[in-house]
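See structure below.
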């Protein structure tokens, strides 16, 4: 890609979270149920809505999601957590409660995390002596 933007990075993170949510659950080795398998007869299923399953992610989707997950290494621990929780569409209220910060602080740190990822993907070094606001403004101007 030529130049990454804030919306492209946010969309890619949400896509990665969606891919990981669609993967099969990992169960501990030796996991089993003592209950017998219940097979529904035709009469049981009459009038019920069919259960729609989302398709499993393709190998390419999984590879892209793993690459996207590596972007979080460029962030501080709490900023990476906020970015990942937002990618999983967790509401701001529960994020703020979990991390013990205000809504404005959480949003600012999310914007900063996305901006750092944009800078790094575009091949720039993140300036250490600049403010968060400068970095966010410069990253969002790249439309």
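Observations on the model:
- Axis angle, to the nearest 10 degrees, between helix 59-70 and the longest C-alpha principal axis of the chain: 40 degrees.
- Once the Cα atoms are used to define both axes, helix 103-121 deviates from the longest principal axis of the chain by about 80 degrees.
- Potential extension, residue 44-residue 93 segment - 0.36 nm per residue separation minus Cα distance: 13.5 nm
- With R₀ fixed at 35 Å, the C-beta to C-beta distance from residue 77 to residue 37 puts the FRET efficiency at about 0.20.
- Highest-fluctuation residue, 110, 97, 74 considered, GNM on the chain with Cα pairs under 10 Å: 97
- Semi-axis lengths, Å, the chain, gyration tensor of Cα atoms, sqrt of 5 times eigenvalues: 39, 18, 15
- For region 96-126 versus region 6-50, the inter-centroid distance based on Cα atoms is 31 Å.
- Adding -39500 (n - 2.57) for every DSSP H run of four residues or longer, then dividing by how many residues the chain holds, sets the calculated 222 nm ellipticity at -17000 deg cm²/dmol.
- Across the chain, the relative contact order, built from alpha-carbon pairs under 8 Å that are at least six residues apart, equals 38 percent.
- When peptides 56-63, 115-122 are ranked by their average number of other Cβ atoms within 10 Å per residue, the highest-first order is 115-122, 56-63.
- Efficiency of FRET between residue 60 and residue 7 - r from beta-carbon atoms, R0 22 angstrom, step 0.05: 0.55
All of the numbers you see were taken from the coordinates with simple rules; none came from a lab. This one's a predicted model, so the numbers in the text were calculated from it and none came from an experiment. Neighbour counts run over all protein chains shown; Cβ positions are idealised from the backbone, glycine included.
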